[in-house]
Amino acid sequence: KAGVTQTPRYLIKTRGQQVTLSCSPISGHRSVSWYQQTPGQGLQFLFEYFSETQRNKGNFPGRFSGRQFSNSRSEMNVSTLELGDSALYLCASSLAVSSSYNEQFFGPGTRLTVL
Amino acid sequence: AQTVTQSQPEMSVQEAETVTLSCTYDTSESDYYLFWYKQPPSRQMILVIRQEAYKQQNATENRFSVNFQKAAKSFSLKISDSQLGDAAMYFCAYSYDKIIFGKGTRLHILP
């Protein structure tokens, strides 16, 4: 069974631009979560989707948004990029409705650099 | 607010020895889940072990075991017979309605 895939793996943008990251969960998984990982802040929860509905959201500004499609694939969008948005963005999928108690399977991440 | 603290940013252990990684958390909830995730240098995170707060018995997965002290809000990970492949960043995580990760402990295995 293929794992969680994320595209692109690396991305370089400039301040003020917007970016869209994509995540394909493991086949059969309907829950997708997104995380931002930085050396200073560690891993921070962005949001979680299940069956195209956002179930939970972390404490990030409205510039960060996401969506999930009927095939469970998910995208996250960051508008008006800031230097501080440079990070590794991780996507994780889970079999159950909530990832709160279930094992999450992580993708390799997208390394975003904002210049 | 719930928080997760890993007080050891970095640790080293000799191959075949035992090492314990510390984790404390803060919560007012009684039913929750705790996890240890491992992130090797290749960056793909994987679950090491999971503990349900309502279970008193400590979880064990082969060479990995936890010491769960609910009253003390402590959840340490013990790795026995350390192997070179155990070298990674280890994250402790607490989950109730959403998951909160600690800042991680980088574990080095010395040959």
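Identify, from the list B:S82, B:S65, B:S12, the residue that is in a strand (DSSP E or B), in contact (Cβ under 8 Å) with a residue 60 or more places away in the chain and of a type in the set (G, A, S). Working first, answer last.
Details: B:S82 fails: in a strand (DSSP E or B); B:S65 fails: in contact (Cβ under 8 Å) with a residue 60 or more places away in the chain.
The match here is B:S12.
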Checking B:K55 against (1) part of a loop (DSSP other than H, G, I, E, B); (2) surrounded by 14 or more Cβ atoms within 10 Å (Cβ to Cβ); (3) at pLDDT below 95, which test does it fail? (2)
Identify, please: which residue in the stretch A:63-115 is β-branched (V, I, T) and either assigned to a strand (DSSP E or B) or away from chain B (no Cβ under 14 Å) (or both) and is, among those, surrounded by the fewest Cβ atoms within 10 Å (Cβ to Cβ)? A:T80
Among B:N62, B:N58, B:N67, which is the only one that is away from chain A (no Cβ under 13 Å) and either under 28 Å from A:V4 (Cβ atoms) or among the hydrophobic types (A, V, I, L, M, F, W, C) (or both)? B:N62
Reported set for the stretch B:19-52 where residues are hydroxyl-bearing (S, T, Y), farther than 30 Å from A:R111 by Cα and surrounded by 13 or more Cβ atoms within 10 Å (Cβ to Cβ) is B:T20, B:T27, B:Y32
Across (1) surrounded by 18 or more Cβ atoms within 10 Å (Cβ to Cβ); (2) away from chain A (no Cβ under 14 Å), B:P111 clears everything bar (1)
Would you confirm whether any residue within the stretch B:71-88 is within 14 Å of another protein chain (Cβ to nearest Cβ) and modelled with pLDDT of 95 or more? yes
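Please find, among B:S42, B:S28, B:S7, the residue that is polar (S, T, N, Q), in a loop (DSSP other than H, G, I, E, B) and facing chain A (nearest Cβ under 10 Å). Please lay out each step first, then the result.
Working: B:S28 fails: facing chain A (nearest Cβ under 10 Å); B:S7 fails: facing chain A (nearest Cβ under 10 Å).
None of the others qualify; the one that does is B:S42.
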Taking the condition of being within 23 Å of B:E17 (Cβ to Cβ), within 11 Å of chain A (Cβ to nearest Cβ) and either outside any loop (DSSP other than H, G, I, E, B) or more than 13 Å from the chain's Cα centre (by Cα) (or both), how many residues in the stretch B:89-104 meet it? 3
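The values are calculated or read from the model by the stated rules, or taken from the named source; none is laboratory data. Just so you know, these numbers come straight off a predicted model, no measurement behind them. Note: ideal-geometry Cβ built from the backbone for every residue, glycine included; neighbour counts use all protein chains shown.
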